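This report concerns only the one structure given below.
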Amino acid sequence: MKSLWKCCKTVQSSKATHPTSEQMVEIKSCYSNWNHSVETNAAPEGFDCVEECVYSKLGFMGTDKTINKEKLLQFQKEETHEDFHEAITKSMDMCMGKTFTTKCPSGIDAVIKCEAIQIYLNCPAKHWDNGDDCQETKKLMEKCADVTSMYN
């Protein structure tokens, strides 16, 4: 079996914009309490998890900790090749409508993981490795991808 992300070759858009230097400073501030040597999600003050901080700093999450779906979708489409736009839209529609029980009360950590899995599961055919290992992985993930505990 092969890792799902190795089965789908994602392609960045030629129009991709990366975070500005100002945004990078803000993003790095989200990780100021992060300790890679222990299992922790030490978020800066005012946030329940690092993911909330990053999404807030990038403008994808409001102060009420709700995700700005339109802004996030626009960004994701700008960052990826147009071949992936349908997969991104499908993944966002599916994942944003779910309620998750996760480490982060807003559920943003699970939404991020859910979206990534769904994008790979809906990988455009021309970007998908159709080998036996990838078919086996995809079959397992399609069967199990809706198990919310996997998004913890």
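Would you mind stating whether ASP83 is modelled with pLDDT of 90 or more and over 23 Å from PRO19 (Cα atoms)? So ASP83 does not fit the description; no. Scanning the stretch 99-116 turns up at least one residue that is over 21 Å from CYS30 (Cβ atoms) and assigned to a loop (DSSP other than H, G, I, E, B).
In the stretch 84-105, the residues that are aliphatic (A, V, I, L, M) reach residues that are surrounded by fewer than 15 Cβ atoms within 10 Å (Cβ to Cβ) with C-beta atoms within less than 6 angstrom, at least six apart or across chains, in these pairs: MET96/LYS69. Can you tell me which residue within the stretch 79-105, out of those that are of a type in the set (Gly, Ala, Ser) and surrounded by 19 or more Cβ atoms within 10 Å (Cβ to Cβ), is farthest from PHE47 (Cα to Cα)? Once the filter is applied, the top-ranked residue is ALA87.
Take the conditions (1) part of a helix (DSSP H, G or I); (2) of a type in the set (D, E, K, R); (3) touching a Pro at 6+ places or on another chain (Cβ under 9 Å); LYS65 misses just one of them, which is (1). Every test in (1) under 15 Å from the mean Cα position of the chain (by Cα); (2) modelled with pLDDT under 90; (3) basic (Lys, Arg); (4) more than 18 Å from GLU51 (Cβ to Cβ) is passed by LYS113 save one, and that test is (4).
If the condition is being of a type in the set (D, E, K, R) and either without any contact (Cβ under 8 Å) to a residue 12 or more places away in the chain or surrounded by 15 or more Cβ atoms within 10 Å (Cβ to Cβ) (or both), then the stretch 106-128 contributes ASP109, LYS113, GLU115.
The values are calculated or read from the model by the stated rules, or taken from the named source; none is laboratory data. A quick note: this is a predicted structure, and the numbers were derived from the prediction, not measured. We place every Cβ from the backbone using ideal geometry, glycine too, and count neighbours over all the protein chains shown.
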